[in-house]
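The values are calculated or read from the model by the stated rules, or taken from the named source; none is laboratory data. None of the values given here were measured: they were computed from a predicted structure. Quick reminder, even Gly has a Cβ in these numbers, built from the backbone with ideal geometry, and neighbours come from all protein chains shown.
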Amino acid sequence: MAKKPIKNIIKLSNDLRWQIGDDFHDNLAEGIYADAAELVSNSVQTDSGKKRFRLDSKIDKIITSKTWGFPLMFLILGVVLWLTIIGANYPSGMLAQLLLDTIHPLLKSGASSIGMPWWLDGFLIDGVYLAVAWVIAVMLPPMAIFFPLFTLLEDFGYLPRVAFNLDALFKKAGAHGKQALTMSMGFGCNAAGVVATRIIDSPRERLIAIITNNFSLCNGRWPTQILIATIFIGAVVPSSVSGLASVGAVIGIAILGMVFMFFSSWALSKTVLKGEVSTFNLELPPYRPPRFWKTLYTSLIDRTLIVLWRAIVFAAPAGAVIWLISNIMIGDHSIAYWMINGLDGFGWLLGLNGVILVAYIVAIPANEIVIPTILMLTVLVTGIAGGEGAGVMFELDSVTATGDILRAGGWTLLTAVNLMLFSLLHNPCSTTIYTIYKETKSAKWTTLASIAPVIMGFVVTFLVAQIWRLFG
Amino acid sequence: MNLSNPIYNLIIFLILSVLAYLLFRPTKGWFWIFKNNLKVNEKTVIEDILKLLFHYENSNKKGTIDSVTRGLKFNDSLIIDVLKEMSIKELIQLDGEDLSLTNSGRDYALKIIRVHRLWEKYLAEKTGFDKLEWHERAEDMEHKLSPKETNLLATELGQPMYDPHGDPIPTHKGKVAEVKGDLLSKLPVNTVGRITHIEDEPDVIYKQILAENIHIGSQIRVIENNAKRIVFYSEGEEFILAPVVASNLTIDVFEKEVTLEEDMVRLSSLQEGETASILGISKECRGDARRRLLDLGFVKGTAIKIDLISPLKNPKAYLVKGTSIALRDIQASKILIKKQ
C-alpha cells in the first residue's frame, strides 16, 4: 500500500520535469547568487582591499607579460633545480658518511661480535639496511630542499600564473596548463608529482598528468645521469669543455623527457582518454606573503616524509632481494649470474647489457640504488678486484674508478648513452606505481602508466643501438 | 637467427611497426573492423531497417526494397532475408517493392530512436567524447541497451526532452515532443529566430557546422538568402553558409515581434578595458563544464571584464565577482554577454 503514493510522487516529479524544462539548474544557480549578493550588500562593508588589488595586478602584468613571463619562469625553475641539486650534495654526502661509512661497519662488527650467522647478517645489514640507508641518503636532502621551495612559490601565488602562461602549449597536447606544475614537481619526485595532480580538477587532464609524470627526471635519476654523463660523455670531448658537455647531455635528457611528455599527452588525449570528461578553469588567487614556517612544516611532513616513508617501505625488500639473488647459488653460480646471462642477449640488442637490465628489475622500488647495484653486479660477474662482496651495494668516491669498473664490465659510449635514455624511459618506481594506483583507483591506468614508458624505452634504445652500430 | 646485423634488425622492426599500425590504428585498423563485423547480427539489421523506414515516413518519402538496400551498408541478400522475416513478424508491410511500417514496427523504431538520442545526451553530459563521435557511438549502443537499462539511463539524465542536437527524445510510452521551426535555407531575409536543431548527418556537413562554431540555442537574424549563400547574424558575428549546409539547421522563428538582442555577443569578443554583464551560457556548454562555470559565478547579471591576457593570447583571465578566473577562448565563445 505504501508503494503507491511513492509511485505517484515519482510520476508527478517526472511530469514537472517536463514542464520546467532543461534550464532549471541555471535558474537555481542564478537565484542562489542573487540571494547571496543581496545578503552581502546588506551586511558586508568594503573599503580596504582596493589598494592591495592594484599591487596584485602590477605584479601580474610583469609575470604574465610577453617579454618577462617566460624568462622569469625559466629563471625561477632553474634556480630551484640548481639549489636542489647543488644544495643537496652536502647533506647527502654527510648522510652517506654517517649511514653507509660509519653505521654500516658498526652494525657489521656488532653482528659478528654477537655471533650472528653470516647469512642473517648479510640479509639484514648488507641487504635491507643498506638499501634503506641508500635511499634515505640520496632521497631525503633534495626533497627536503625542493618541496619547501616549491610550496613557497605555490603559497605566494606564483604557480597558478605559470600554468596560465603555459596553458596554450599544454592545450595543444590536450593537457591542462597546471600540468606544468605537476611536471616540475616530478623533477623532485614522481610520486609527489602524481599526488600534486589533485590540483587539476578535470578528469581527463588529470589522468594525462598522472600517466605522463614519469617523464620528468626525478631526483633519484639526476645523480645517475650526472655520473654517467661525467664519465662517458665528458671523456669524448676535449677536457676544457668536458664539464659543459656532460651538463648539456643531462639537460638534453631532461628536455627529451618533456618532449616525450608532450607527445604521450597528445597521444593519450586522442586515444584511450578521449572519453573522459574534460573541463577547464584556472583561478588566479591574489598574492600573499608566504607563511614560511607553516609551509616548511607542511611540505616536510606532508610531502617529504610521506614519500620518504613509502620509498623506505619499498626499498627494504628490494635490498633483501638484491642480497639474496647475489648469494643464493644455483649450481656453480648465483641467481644474479644466471639472470644476467639470460638477459645479456636482449640487453645487447638494446645497446645495454644484462647487468643493467637486472639492476633495473631489482631496483624497481628506487632509482637511487640502480648505480650501486650495477657496480656490485659488474664486480660480481666480471670477477675484477674491488667492491664489498656479493650482494653488498657500493659506490666509489672517485669518478675515474667508477668508470674503470664500468669499462671492465664492457661499457662503451653507446652503453652510457642508452643507459641515460633508459633511465629516463622506463617504468616508474614502485612508490610512484603505488601512488598512481591510490590516486586513480584503477588497475587499468596504473598498468598503462607502468608499461608504456618501459616499452618506449625499449624502442628508443633499440633504435639508437641499431643506428649507432650501422654507422659506428 | 643472427641479431647482430643492425640492418636486419631495423627492417624487422619496421615491418612489425607497420603491421601494428595497420591492425590497431584508430577506427580503420583491421582489428577494429574485424571486431565490428563480428557484431553484425539479425537484430542490428532489423533495427536499422526500422529506423530508416521511420525516417522515410517522417520526411514523407516512400520506402522501397531498393532504397533500403542502398541506404544501409549491409549485404543485399542479408537485407532481403531480414525483410522477409520482418514482414512475417508483422513489423513491416511488404507491398511489391514498397515497404511501410506497421504500428508495432513504428513502436519498435521509436524505442531504438529513444536509446540513440538518450545515449547522445549521455555522451554530451557525462563524457568527454568529441561531438563528431556521438552519432557513431550511439549507432552502436542503440542495439545494446535493454528497455530497463534505457529507463535507468533516462532517470539518471533527468528525463531529458531533447538530445544535444535538438531532436526530441521519445518517452518510454512513445510520446514525442514537437519540434517547431523551419529550415534556415527557407527563411526570408530579416527573419529572427533561434537555432533549435543541428542535424548531425551527413558527417561532412556536420563538420562544417562545427568548424563555424555555430551553437544550438543561439538567436539569429537572416541577413541574406539566395541560391549561392545564406548569411546570418548571431551573437555579434556574421556567419556565411552554403544553402546545403544551412538546410541542416532548423530555426524556431519568433512569432511575435520580438526584437533580437542585437547587443548580445560572445565573451570571446570582449576587449581589454571593456566591461560587460553576463547574459547567460550557451546550450553548447554542457555537463560538468557548465556546472563549474555556474558555480564560479558566471550567471546572468554578473559584471565581467578582462583581467589578464596570457603571453600566448589564450587563455584569458576574467574578473568575475572579485576573482580572477582564466578561461580558454573556446569556452569564452560559449558565454554570452552584453557590453556596457
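The sole residue among B:F24, B:F31, B:F54 that is of a type outside the set (V, I, T), at pLDDT 85 or above, closer than 28 Å to B:A177 by Cβ and surrounded by 11 or more Cβ atoms within 10 Å (Cβ to Cβ) is B:F54.
If a residue has to be more than 19 Å from B:H135 (Cα to Cα), assigned to a helix (DSSP H, G or I) and touching a helix residue (DSSP H, G or I) at 6+ places or on another chain (Cβ under 9 Å) to count, how many in region B:18-33 make the cut? Count: 5. Filter region A:79-97 down to the residues that are loosely packed, with under 14 Cβ neighbours inside 10 Å and among the aliphatic types (A, V, I, L, M), then identify the one that is farthest from the other protein chains (Cβ to nearest Cβ). Among residues in region A:79-97 that are loosely packed, with under 14 Cβ neighbours inside 10 Å and among the aliphatic types (A, V, I, L, M), the one farthest from the other protein chains (Cβ to nearest Cβ) is A:M94.
The set of residues in region B:320-340 that are more than 21 Å from A:K58 (Cβ to Cβ), more than 7 Å from chain A (Cβ to nearest Cβ) and part of a strand (DSSP E or B) comprises B:I335, B:L336, B:I337, B:K338, B:K339.
For region A:10-45, the set of residues classified as acidic (D, E) and either in contact (Cβ under 8 Å) with a residue 12 or more places away in the chain or within 11 Å of chain B (Cβ to nearest Cβ) (or both) consists of A:D15, A:D22, A:D23, A:D26, A:E30, listed by residue number. Being within 26 Å of B:L279 (Cβ to Cβ), modelled with pLDDT of 80 or more and surrounded by 14 or more Cβ atoms within 10 Å (Cβ to Cβ) is the requirement here; does A:E30 meet it? Judged against the criteria, A:E30 is a match. Counting only residues that are in a strand (DSSP E or B) and within 8 Å of chain A (Cβ to nearest Cβ), region B:285-319 holds 4 of them.
Tell me, which residue of region A:287-341 that is of a type in the set (D, E, K, R) and in contact with a Ser or Thr (Cβ under 8 Å, 6 or more places away or on another chain) is surrounded by the most Cβ atoms within 10 Å (Cβ to Cβ)? Even if it seems obvious, please write down each step before you answer.
So in region A:287-341, the residues of a type in the set (D, E, K, R) come out as A:288, A:291, A:294, A:302-303, A:310, A:332.
Keeping just the survivors that are in contact with a Ser or Thr (Cβ under 8 Å, 6 or more places away or on another chain) gives A:303, A:310.
On the way: A:R303: 24, A:R310: 19.
Filtering first and then ranking leaves A:R303.
Only residues that are buried (at least 18 other Cβ atoms within 10 Å of the Cβ) and of a type in the set (A, V, I, L, M, F, W, C): list them for region A:342-368, please. Once the filter is applied, which keeps residues that are buried (at least 18 other Cβ atoms within 10 Å of the Cβ) and of a type in the set (A, V, I, L, M, F, W, C), region A:342-368 yields A:L343, A:L350, A:L352, A:V355, A:I356, A:L357, A:V358, A:A359, A:V362, A:A363, A:I364, A:A366. Residues in region A:117-164 that are β-branched (V, I, T) and under 22 Å from the mean Cα position of the chain (by Cα): A:V132, A:V135, A:I136, A:V138, A:I145, A:T151, A:V162.
Are any of the residues in region B:261-276 modelled with pLDDT under 90, hydrophobic (A, V, I, L, M, F, W, C) and outside any helix (DSSP H, G or I)? Yes, there is a match, as at least one residue in region B:261-276 is modelled with pLDDT under 90, hydrophobic (A, V, I, L, M, F, W, C) and outside any helix (DSSP H, G or I). When the test is whether a residue is farther than 22 Å from A:A318 by Cα, more than 14 Å from chain B (Cβ to nearest Cβ) and surrounded by fewer than 23 Cβ atoms within 10 Å (Cβ to Cβ), A:G174 does not pass it.
Taking region A:57-78 as the search range and keeping residues that are in a loop (DSSP other than H, G, I, E, B) and without any contact (Cβ under 8 Å) to a residue 40 or more places away in the chain, which one is nearest to the other protein chains (Cβ to nearest Cβ)? Looking at the filtered set, the residue picked out is A:K66. Considering region B:101-129, and only residues there that are more than 30 Å from A:G275 (Cβ to Cβ) and either more than 28 Å from the chain's Cα centre (by Cα) or in a helix (DSSP H, G or I) (or both), the residue that is farthest from the other protein chains (Cβ to nearest Cβ) turns out to be B:T102.
Picking from residues in region B:148-178 that are part of a helix (DSSP H, G or I) and of a type in the set (D, E, K, R), the one that is surrounded by the fewest Cβ atoms within 10 Å (Cβ to Cβ) is B:K148.
Within region A:203-224, which residues are polar (S, T, N, Q) and surrounded by fewer than 22 Cβ atoms within 10 Å (Cβ to Cβ)? Outline the logic, then answer.
Here is the first cut: in region A:203-224, the ones polar (S, T, N, Q) are A:212-214, A:216, A:219, A:224.
The answer is A:T224, and nothing else.
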